[in-house]
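Read the structure below first, then the notes.
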Amino acid sequence: MTVHVVGAGLAGLSCALAAADAGLDVVLHESAGQAGGRCRSWRDAAIGEVIDNGTHMFLGGNHTLFSYLRRIGALDRLTAAPLLFPMIDLADGRRWTATPLRLLPSLLSSIRRSRTGTDTDIASLFGSSRNYRRFWEPIILSVMNTPAEDASVKVFREVLVRTLWRGMGASRPFMARTSLPATFIQPAQAALPAAGIALHLNHPLRHLERSAGRAVELSFDDGVQRIGPRDHVVLAVPWVVAASLLPGLPVLPASPIVNAHFRIAEAPRTLPSAGFAGLLGGTAQWMFLRGSVLSVTVSAAAGLVDRPADDIRDQLWSDVSRALDIGDRPLAARVIKEKRATLFHSPAVEAARPRTRAGDNLFLAGDWTATGLPCTLEGSILSGKIAADALLSSIAGPP
Ligand SMILES: Cc1cc2nc3c(=O)[nH]c(=O)nc-3n(C[C@H](O)[C@H](O)[C@H](O)COP(=O)(O)OP(=O)(O)OC[C@H]3O[C@@H](n4cnc5c(N)ncnc54)[C@H](O)[C@@H]3O)c2cc1C
């Protein structure tokens, strides 16, 4: 009995490890030359440092993510940020620190209201809150990667009840200490051989043949893999690829994220001591300092992503230099556009996200599947776990 997991992003890695830990033979097929998918880094020639495709933040309440890190022995590869969110308003230079605890009352009443009724957009729920523009709107944008006036309350509520709702520990922000792969991918890859998992890189799945509700053949460039009666397939590829392999799956709308990395001569003394800050009233939304690289994130960047990289660089540096009151130009810059960073998390898209089971022996994983969470590290790792659990219970049969 072999499980073929296609796609070695976080969803595929998490699924492969969970299935192998349950005693199954697992083969992992990845189209790229490295594992990690959208969770990736490289040594950038312009910047002269390792940079991530985008700064990734996660929270203490992301329990599946922490179990995954424990499994791969990477719990020590994190940096915890203080439980406060320094904010700077570019319009008037005002600075303040948002503390989730102080904002809890408005959070509680909005959660209460969101419990009833059908899914709607978040702005209609939070719009009148005093803290809306000063805290919730930038948080919603970054968590949902969707403007609040379009974003699903149902999904955001699920994030809140798993994190801020559970108190200090679950609200605490974390980041990868040196790079995303060093925390999430390389330790997982190192754990594969001991788990008996074979990883085939540069091995794109070209075609999936189905018959009578079952996956029966996987076609790769180097040949066809027949799927035996006891074998299983998990597609852990991005949603656009999944829709091309499985006609009938919806091609869900995507939302882009733009990041700019600036190499700077020295840490600006005007940067809040937390090492990051939220920015209001400009194009830049969050900035993070790691070593000599100041990284700027713009979520839900549909209005920005098609502009030339040099324009984006100049616009974002102008926001940063205004916020931090620094005159010098950066030593180097790199703009990274991720056009399909995540789903566009509207109520309509939420209703259309496919469930895990796609056939008798065919399962879907990936942040875009119906996990109830937005497309995040936690969501992708959870989707892999859900797929492995579904597969295991299908093997076990009805209770
Ligand atoms: C810029 C950016 C910033 C982000 N910020 C955050 C953040 O702050 N916090 C957070 O929690 N999340 C964040 N995310 C989201 C997070 O990175 C993703 O949710 C997660 O990495 C998705 O993992 P996945 O395994 O579901 O999909 P993917 O990473 O897309 O993995 C799919 C894999 O399938 C492979 N593949 C594709 N086609 C084939 C084929 N035909 N055959 C075989 N393999 C194939 C791909 O190469 C890839 O390795 C961010 C994402 C981006 C892009």
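Below is a table of values for the structure above.
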{"read-out": "Reachable aspartates and glutamates from Lys385, criterion Cα separation under 17 angstrom, eight or more residues apart if same chain", "value": "Asp21, Asp25, Asp367"}
{"read-out": "Karplus (6.51, -1.76, 1.60) ³J(HN,Hα), θ = phi - 60°, over the stretch 56-69, in Hz, Gly and Pro reported as x", "value": "10, 10, 9, 10, x, x, 7, 5, 5, 4, 5, 5, 4, 5"}
{"read-out": "Rounded to 10°, Cα long-axis angle of helix 104-115 versus longest principal axis of the chain", "value": "40"}
{"read-out": "Pair Asp328, Ser124: separation of 7 Å Cα→Cβ label points (nm)", "value": "5.0"}
{"read-out": "FRET E, pair Thr99, Leu78, Förster distance 30 Å, beta-carbon r, rounded to 0.05", "value": "0.90"}
{"read-out": "Per-q log10 I(q)/I(0), the chain, q = 0.08, 0.14 Å⁻¹ (Debye; single scatterer per alpha-carbon; no solvent)", "value": "-0.43, -1.26"}
{"read-out": "Crossing angle, helix 309-324 versus the chain [Cα axis fit, 0-90 degrees, rounded to tens]", "value": "50"}
{"read-out": "The chain - mean residue ellipticity at 222 nm from DSSP helices (-39,500 (n - 2.57) per run, n ≥ 4, rounded to 500)", "value": "-8000 deg cm²/dmol"}
{"read-out": "Sequence-distant residues sharing a close amide H with Ile227 (under 5 Å, placed H)", "value": "Glu217, Leu218"}
{"read-out": "Pairwise FRET efficiency - Ala351 versus Ser109, Cβ, R0 = 22 Å, nearest 0.05", "value": "0.30"}
{"read-out": "Between the stretch 349-374 and the stretch 332-348, the Cα center-to-center distance that results, in Å", "value": "20"}
{"read-out": "Cβ-placed point charges (K, R +1; D, E -1), dipole of the chain about Cα centre in debye, nearest 20", "value": "980"}
{"read-out": "Value of Rg to Rh for the stretch 254-343 (Rh from inverse mean 1/r over Cα pairs, i.e. Kirkwood)", "value": "0.95"}
{"read-out": "Modelled FRET efficiency - R0 30 Å, Ser394 with Leu201, Cβ distances, 0.05 increments", "value": "0.60"}
{"read-out": "Principal-axis tilt of helix 153-162 within the chain, Cα atoms, nearest 10 degrees", "value": "90"}
{"read-out": "Extension gain from Ala32 to Trp165, taking 0.36 nm per residue of separation minus the Cα-Cα distance", "value": "44.0 nm"}
{"read-out": "For the stretch 134-213, size of Cβ-based charge dipole, Lys and Arg +1, Asp and Glu -1, in debye", "value": "260"}
{"read-out": "Qualifying aspartates and glutamates (Cα of each under 13 Å from Cα of Lys339; at least 8 residues distant if same chain)", "value": "Asp306"}
{"read-out": "Under 12 Å, Cβ to Cβ, from Ser346 - net charge with Lys/Arg +1 and Asp/Glu -1", "value": "-3"}
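Each reported figure results from applying straightforward, stated rules to the coordinates on display, with no laboratory input. Quick caveat: nothing in here was measured; it's all calculated off a predicted structure. Glycine gets a Cβ as well: all are built from the backbone with ideal geometry, and neighbour counts include every protein chain shown.
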